[in-house]
Amino acid sequence: MDVIISLESHDEELAVLGSRDQHLRQVRDAFGVKILARHGDLKVSGDQDSVNRALKVFEGLRSTYRRQLPISAGLVAELIDHASPSPLDCLTPSPTSLGFDPLDSRTVDATVVRPQSDSPALQPRVPELRIGSKLIQARSAGQSRYLRELIEKDLVFCVGPAGSGKTYLAVAVAVAMLKAGKIKKLVLVRPAVEAGEHLGFLPGALEDKIHPYLRPLLDALHDLMDFGQIRRYMANDLIEIAPLAYMRGRTLNDAVIILDEGQNTTIPQMKMFLTRMGMNARIVVTGDPTQVDLPPTVASGLADAVRRLADVPRIGVVTLEKSDIVRHPLVQAIVHAYDPDQPQPLDTQSPSATDLLSSLPLPPRNATELDRARSAPPPLESP
């Protein structure tokens, strides 16, 4: 959808667009639309809902200019806030065969409604989240519950297997709230637990060192926002990535904080992280209990936190199952095969790894022994 707004004068154009197009960029980033300003005309392009909301903001700015009132970045943010849907409004029902949603707006769980005996059963409601022109839809009953908890609860724990959407849905809701002006910052956190290479030996500055650990979170961001938007948001400190160790002593207000791979936190680390929550802040903790990289003697902070906090009001705990996996169809079979509850068949035909290793010759323990063996004189023959 393309709409053109004609501004009446050069002064109005300067007031509406702001210094160096600051106001234009605010509206563009908030609604994910494309805005082209040329010769006193604004061309707004995007999906219909986003374009209509952007038009409301520009109309408010033009009305403010006509009343000879000052226009500031704060006013633009307020107009964006009024024009934006709340995150709850983003959870819209899918169209049904009868053209309307028969379920109450507060209902998320999949149910089937039969209005009349001669009418076909209506399809269950599927929550949807719209970010600009991108539509994110829950693909299972578990994801539907998770999406609702993310919207309604201040603290959410999500436990589930790989590929079940734990991280992606959390980042999607956080980005929607950030673009709608409901929060001022998105903080992505992950424990730097590695399987071999220590963090300090990685080259580069802090951002370079933690980049491999935060790659899954960044992948979700890149799927929801374009590269330029992400760079602008990070440059303006609207999106922050940080290792868990750097969270100590901080209080985060008006923010969504996402802790990924929570199963690799210790109990003291989890307590430290959860107590960073400030006013108007939300925390999401995701993890997979089957992928713990902590030493065997160290208890997982995620399992401990779920046990302690499951019954606390305004805290949600969601457990996703193998049926919620939405990656390649083989992933579900792989997770099932590696389930510790599944008996593993014994292959009596193939040699074991121990047998193979024991058949190999042992090398010298170090280079010194090898050199000494090569330089040693041959043994003397006995007479």
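The values are calculated or read from the model by the stated rules, or taken from the named source; none is laboratory data. None of the values given here were measured: they were computed from a predicted structure. As a convention, Cβ positions derive from the backbone with ideal geometry for all residues, glycine included, and neighbour counts pool all protein chains shown.
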Answer residue from the stretch 137-154, given it is surrounded by fewer than 23 Cβ atoms within 10 Å (Cβ to Cβ) and of a type in the set (A, V, I, L, M, F, W, C) and is farthest from Val173 (Cα to Cα) among those: Ala141
Gln291 versus (1) closer than 20 Å to Arg145 by Cα; (2) surrounded by fewer than 12 Cβ atoms within 10 Å (Cβ to Cβ); (3) not hydrophobic (A, V, I, L, M, F, W, C): which is the lone unmet condition? (1)
Are there any pairs with C-beta distances below 9 angstrom linking a residue in the stretch 302-317 that is without any contact (Cβ under 8 Å) to a residue 24 or more places away in the chain and among the charged types (D, E, K, R) to a residue that is in a helix (DSSP H, G or I) and surrounded by 10 or more Cβ atoms within 10 Å (Cβ to Cβ), with the two at least 6 apart or on different chains, and if so which? none
Regarding Gly316, is this residue modelled with pLDDT of 85 or more, touching an Asp or Glu at 6+ places or on another chain (Cβ under 7 Å) and assigned by TED's automatic domain parsing to the domain that holds Met177? yes
Taking only pairs six or more apart or across chains, which ones have beta-carbon atoms under 6 Å, a first residue in the stretch 44-61 that is under 15 Å from Gly181 (Cβ atoms), and a second residue that is among the aromatic types (Phe, Trp, Tyr) and part of a helix (DSSP H, G or I)? Ser50/Phe31; Arg53/Phe31; Ala54/Phe31
Any residue that is at pLDDT 50 or above and touching a strand residue (DSSP E or B) at 6+ places or on another chain (Cβ under 8 Å) - is there at least one of those in the stretch 82-100? no
Could you run through the stretch 146-183 and say how many residues are in a loop (DSSP other than H, G, I, E, B) and among the polar types (S, T, N, Q)? 1
